[in-house]
Amino acid sequence: MERNTRETMAFKNSYLFEAFDSAGNLKWSEQIDNIVVNVGLDDVLDKYLKGSGYTASFFVGITDGTPTPAATDTMASHPGWTEVVAYSEGTRPALVLGAVSGQSVDNSASKAVYSVTSDSTTIGGAFLVTDGTKGGSTGTLYSVAAFQAGDKGLDNGDTLNVTVTCTSAAS
């Protein structure tokens, strides 16, 4: 008797945002999930299963208000959102991941940090990409996430910390 089994794998990222004012007081926090875009899924297959040239460099970017991520988004074309660049760091923060365990890995020991340089900065989500160029349009976009409960505000002197948790699981 032939046994027909089917296994699927799901990729998901979760973003935890924590905003602090200039005195270090927590202003707000929000956790959201993402979509892994088509080019990101293709990149996983190409690098892991096919064994093409791999890069371990990923960077965390933040989006403007009310983003509308789509599976077809790329860094060269993402009509539903733009990148926020109103922070003092010269590049997008690098994604520095810890040890993989239980089909999950995160950057909780080395969060992505943004030192905000403009009043009334509105953010609506985040993304992962293989290029660190702040405001750039190259690199492979892996995922994009949008706040479900509405946009969040930041002001000059605020600090935004972003923790990214990447998971994969059979379903």
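The values are calculated or read from the model by the stated rules, or taken from the named source; none is laboratory data. Predicted, not measured: the structure shown is a model, and the values here were computed from it. Positions of Cβ are generated from backbone atoms using ideal geometry, with glycine treated the same way; all protein chains shown enter the neighbour counts. For the accessible areas, the whole protein counts, side chains as well, though only heavy atoms, and no ligand, DNA or RNA atoms are used. Shrake-Rupley method; radii C 1.70, N 1.55, O 1.52, S 1.80 Å.
With θ taken as phi - 60° and the Karplus curve 6.51 cos²θ - 1.76 cosθ + 1.60 applied, the whole-hertz 3J(HN,Hα) list for segment 30-39 is 7, 10, 9, 9, 10, 10, 8, 6, 4, 5 Hz, x standing for glycine and proline.
Residue 97 sits with roughly 80 Å² accessible to a 1.4 Å probe, with DNA, RNA and ligands left out of the calculation. Ligands, DNA and RNA aside, residue 143 has an accessible area near 0 Å² when probed at 1.4 Å. State the label only: which of [x] 16; [y] 22; [z] 30 corresponds to percent of Cα pairs over 28 Å apart computed from the shown model? Recomputing percent of Cα pairs over 28 Å apart here picks out [y].
With contacts defined as alpha carbon pairs under 8 Å and 6 or more residues apart, what's the relative contact order of segment 66-151 in percent?
34
Rolling a 1.4 angstrom probe over the protein heavy atoms with all chains in place gives segment 1-154 an accessible area of 54 Å² per residue. Annotation: amide H of residue 151 within the under-5 Å range of 66, sequence separation 5 or more or interchain, hydrogens built in the peptide plane. Around the amide H of residue 118, modelled in the peptide plane, lie the amide H atoms of 156, 157, all under 5 Å away and 5 or more residues distant in sequence or on another chain. The H on the amide N of residue 131, modeled in the peptide plane, is under 5 Å from the matching H of 59, 140, each at least 5 residues off or on a different chain.
In this view, the solvent-accessible surface of residue 46, computed with a 1.4 Å probe and all protein chains in place, comes to about 50 Å².
Taking Cα pairs under 8 Å and at least six residues apart, what relative contact order does the chain come out at, in percent? Answer for the chain is 34 percent. With all protein chains in place and a 1.4 Å probe, the accessible surface of segment 78-162 carries 47 percent carbon and sulfur.
State to the nearest 20 debye the size of the charge dipole of the chain about its Cα centre, where the only charges are +1 on K and R beta carbons and -1 on D and E beta carbons. Display every interim value, and only then the final one.
Values: 10 positive and 19 negative charges, 92 e Å.
The calculated dipole for the chain is roughly 440 debye.
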